[in-house]
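Report on the following structure.
Just so you know, all these numbers are worked out from the coordinates, no wet-lab data involved. Keep in mind it's a predicted model, so treat the numbers as computed, not measured. All Cβ positions, even for glycine, are placed from backbone atoms using ideal geometry, and neighbour counts span all protein chains on display.
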Amino acid sequence: MSLQVENLTVYYQTLRGDVQALEKATFAVADGEIMGLAGESGCGKSTLANSLIRLVPPMRLVAGQVRLDGELLPLDDAKRMSEYRFTKISVIPQYAMNALNPTRKIGKIIAELLQSKGVDFATILPELKRRLDLVELSHDVLGMYPIELSGGMKQRAVMVLSVLLNPSLLIADEITSALDVSTQKAVAEMLVGFRDREFVRSLIVITHDISILYQMADSILIMYAGQLAEKASTDVIIRAPRHPYTRLLIASLPKVGVRYAERRLSGIPGRPPLLLDPPAGCRFRDRCSMAFEKCMEVPPFVEIEAGHFVACWKEFGADADA
Amino acid sequence: MLTLDRVSKVYRVGTFGGRALVAVSDVSFDVRDGEVMSLIGESGSGKSTIGRMILRLIPATSGRIVFNDVDISTLKGSALKEYYRRVQGVFQDPFSSYNPIFKADRTFRILRDEFFPDTPAAEWQDRMESTLRAVGLNPGQVLGKFPHQLSGGQLQRFLIARALLLDVQFLVADEIISMLDASTRVDVLNLLADLKSRGLSILFITHDLSLGYYISERAVILYRGCIMEMGATERIFGTPLHPYTQMLIASAPRLDKKWEEVEIELRGEQLENVAGCVYYNRCPQTMRDAACRTQKPTLVAVESEHWVACRRYARE
């Protein structure tokens, strides 16, 4: 097991109280697994990623622990976490285009970053060049300023930079959202290539676009309003989802080949609850057509088949009514 | 209803405006009554520029945009105001269309002061409420709220309602879905499709092929300001002829099929002005020849309701 998250609960501290952004998340990412993390805006997917990288105020670790390759991560100790950051656990940020210092050349940025981790730039240079070839960037970019590169090129430069020290876990946060479809495809395939070449052991890909995940992810974790809803292999999530939210979400996606005139899709009525004072129990309750009394309690995230986890009382069938 | 006749837009760029950037070049198409036309293209394809020219937010460099037999560049004063009664736009980011320090329904009040100063308050209130209901909002829930108290989907519907209050005949919808969450996206899309049955024509600008396919009867595929392919939606998606359209359709992520093996040329993204086909640099070797580099292809009809701008089809 590469990554094991247990009972992770993270709140944001505000003047009006805690925003309960991530509630009792328990899941694992296996070696070599590409896990997609999907959900609507505000469902806690970026909070989950940020707490694995840099958990600083206003974020507050309420409970839970995270193990990477069996080692317990000191999540709430920002100083000690820097030993793991970039070397063991790395991130491609959402706005990779803005992640580069505009006053430094790309090569200089990389050299400084490596120096801070005690790695010699010259020894890693041949490998760096090999990886630039892999993402179809010319070696000249090392001598260029970020402003001289296009958005897609900067994105690829940051991708190479993020995996330079072969981290165990790479988190890609919405990296394809701002790109054109053709670049999007190339970037997604490069990420899969990173895993296949073992630059990274496992990957968490965060996006709101489930169709991208269908193309590249091994498994998908669906979140709703800070709670985990369902995790299963990609095919199961797309073809045979069990959680009512996943079902409605998948059914509402327009597909090439579906016309308004022939088949009218429908959205999910209502909107997610505010997380400042979320309702007790299952947070999807108010929008769920199948909700019953039991949903006033938080449903457990249980494995119903091998590798298929669902948090819904309906899965308990008759037992739940008893 | 609306016709674009060889419309071009050239921006002056560079420190002293020394270089010319052709954003839209010789684009001609028409939108019929009660029809949804999709304008599909990647970033930098000029799709939003076309929308802005139709709304007269920017002038066209050359060519004519004709709305109900009138060239819109000649409109002035009350005629222009009359034009805005008929033609309205809704844009990508609903939050930036509102002033955050005023309540969201201020946009309706401005509309009334500007266009309907003679309408009695009670009648205006009735019209406002019925229009809000028509776009699927509950007036009691949304009136008197500040923009941050409403969701993106609600604000976007608010803007559509605002356009409907003026008896619009033509709506420019510029990426109005892309900022919305998956669960509310489809509802706004369905709303647009329902409006079409009321005789409204919509220019639906998008980069998302599946959305364009879902809603429109006809589509235009743009690349760097030029029309690559145009025609009935099912013809374009069923038998894409232009190499660019084929690449787009193959690389769009889908839920029913895994990605096909298509070569994506990342290096050919240089933006210099070429004499021949704008897609030449990215076109696969097997599909292009030397003449593509020097000769600009023209749009030719390959079958009824299907035009393509590629020399491979012009030869036959």
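Here is the list for the range A:147-208: GluC sites (Glu not before Pro) lying in DSSP coil, each with at most 13 other C-beta atoms within 10 angstrom of its C-beta, are A:Glu198. Peptide A:260-273 shows a mean partner chain C-beta count of 5 within 10 Å per residue C-beta.
Helical runs (DSSP H, four residues minimum) scored at -39500 (n - 2.57) apiece and divided by the length of chain B put the mean residue ellipticity at 222 nm at -9500 deg cm²/dmol. Given R₀ = 35 Å, FRET efficiency for A:Arg197-B:Arg312 by Cβ-Cβ distance, to 0.05? Computed FRET efficiency for A:Arg197 and B:Arg312: 0.40. A Förster radius of 30 Å combined with the Cβ-Cβ distance from A:Val298 to B:Lys103 puts the calculated FRET efficiency at roughly 0.20. Over the range B:132-227, Cα pairs under 8 Å with separation of 6+ residues give a relative contact order of 25 percent.
Other residues within the sphere of radius under 11 Å centred on the Cβ of B:Arg52, judged by their own Cβ, net out at +2 (K and R +1, D and E -1). Less than 14 Å from a label point 7 Å out along the Cα-to-Cβ axis of B:Val66: which backbone N atoms in the range B:216-238 qualify, by residue? No residue passes the distance filter. Label-to-label distance, B:Asp5 versus A:Asp140, with points set 7 angstrom from Cα along the beta-carbon direction: 4.6 nm.
Each residue, B:Thr239 and B:Gln141, gets one label point 7 Å from its Cα in the Cβ direction; the gap between the two is 4.7 nm. For the range B:161-231, state which trypsin sites (Lys or Arg not before Pro) are in a DSSP loop and have at most 13 other beta carbons lying within 10 Å of their beta carbon. Loop-located and lightly packed - B:Arg198.
Each part reduced to its alpha carbon centroid, the range B:184-223 and the range A:72-107 end up 41 Å apart. Kirkwood analysis of the range A:40-150, using all unique Cα-Cα pairs, places the hydrodynamic radius at 16.4 Å. Counting only chymotrypsin sites (Phe, Trp or Tyr not before Pro) that are in a DSSP loop and have at most 15 other C-beta atoms within 10 Å, tell me the longest site-free stretch of chain A. Longest site-free region, per DSSP loop and neighbour criteria: A:96-291. Taken over the protein assembly as shown, the convex hull of the Cα atoms encloses 183 Å³ per residue. Among the chymotrypsin sites (Phe, Trp or Tyr not before Pro) found in the range B:54-145, those both in a DSSP coil and sparsely packed, with 14 or fewer other Cβ atoms within 10 Å of their Cβ, are B:Phe102. The modelled label-to-label distance between A:Asp18 and A:Ala306, using points 7 Å beyond Cα along the C-beta direction, is 3.8 nm.
With an 8 Å cut-off on Cα pairs and a minimum separation of 6 or more residues, tell me the relative contact order of the range A:16-96 in percent. RCO, the range A:16-96: 23 percent.
With a 10 Å cut-off around each Cβ of B:243-254, the average count of Cβ atoms from other chains is 4. Over all other residues within a Cβ to Cβ distance under 12 Å of A:Gly44, the charged ones net out to +1, with Lys and Arg as +1 and Asp and Glu as -1. One quarter of the surface of the convex hull around the alpha-carbon atoms of chain B equals 18.8 nm², the direction-averaged projected area. The overall shape of the range B:1-99, judged from the alpha-carbon gyration tensor, is rounded, with an a/c ratio under 1.5. Projected onto its three principal axes, the C-alpha set of the range B:99-160 covers 32, 25, 17 Å, listed from the longest axis down.
Taking Lys and Arg as +1 and Asp and Glu as -1, the other residues whose beta-carbon sits under 10 Å from that of A:Ser82 total +3. For chain B, the Cβ-based charge dipole about the Cα centre amounts to some 740 debye (Lys, Arg positive; Asp, Glu negative; other atoms uncharged).
Converting phi to 3J(HN,Hα) with the Karplus coefficients 6.51, -1.76 and 1.60 and the offset θ = phi - 60°, the range B:154-165 yields 5, 5, 5, 5, 3, 5, 5, 4, 4, 5, 6, 4 Hz in sequence order, with x at every glycine or proline. Express as a percent, rounded to the nearest 5, the fraction of DSSP beta bridges in chain A (both residues included) that run antiparallel. Given both bridge residues lie in chain A, the antiparallel proportion sits at roughly 60 percent. Any idea how far the Cα center of the range B:230-254 sits from the one of the range A:113-130, in Å? The range B:230-254 and the range A:113-130 have Cα centres separated by 44 Å.
Over all projection directions, the Cα-based convex hull of the range A:193-260 averages an area of 5.7 nm².
In order along the range B:290-295, phi translates into HN-Hα couplings of 4, 5, 4, 6, 10, 9 Hz, rounded to whole numbers, per the Karplus curve 6.51 cos²θ - 1.76 cosθ + 1.60 with θ = phi - 60° and x for Gly and Pro. Relative contact order of chain A, taken over Cα pairs closer than 8 Å and 6 or more residues apart, is 20 percent.
Summary of the geometry: the range B:49-101 and the range B:145-174, compared by the centres of their Cα atoms, lie 16 Å apart.
One quarter of the surface of the convex hull around the alpha-carbon atoms of chain A equals 18.5 nm², the direction-averaged projected area.
Which links in A:Lys255/B:Lys196; A:Lys105/B:Lys47; B:Lys258/B:Lys296; A:Lys105/B:Lys257; A:Lys105/B:Lys9; A:Lys255/B:Lys103 stretch past 30 Å when you go from one Cα to the other? Going by Cα-Cα distance, A:Lys105/B:Lys47; B:Lys258/B:Lys296; A:Lys105/B:Lys257; A:Lys105/B:Lys9; A:Lys255/B:Lys103 fall outside the 30 Å limit.
Which of the listed residues, A:Cys295, B:Gln141, B:Thr206, is farthest toward the dipole's positive end in the protein assembly as shown, when Lys, Arg count +1 and Asp, Glu count -1 at the beta-carbon? Positive-end residue among those listed: B:Thr206.
Rounded to the nearest 20 debye, the dipole magnitude of the range B:1-91 is 440 debye, with +1 charges on Lys and Arg beta carbons, -1 on Asp and Glu beta carbons, and the Cα centre as origin. Backbone amide hydrogens, once placed in the peptide plane, bring B:Leu39 within less than 5 Å of B:Phe204, B:Ile205, B:Thr206, B:Val220, excluding anything fewer than 5 places away on its chain. The phi torsions of the range B:181-189, fed into the Karplus equation with coefficients 6.51, -1.76 and 1.60 and a -60° offset, translate into couplings of 6, 3, 6, 9, 3, 5, 5, 5, 4 Hz, rounded to whole numbers, with Gly and Pro shown as x.
What you get for the range B:48-173, charging only the Cβ of Lys and Arg (+1) and of Asp and Glu (-1), is a dipole of about 260 debye around the Cα centre. Here the calculated FRET efficiency for A:Asn101 and A:Asp69, from their Cβ-Cβ distance with R0 = 25 Å, stands at 0.20, rounded to the nearest 0.05.
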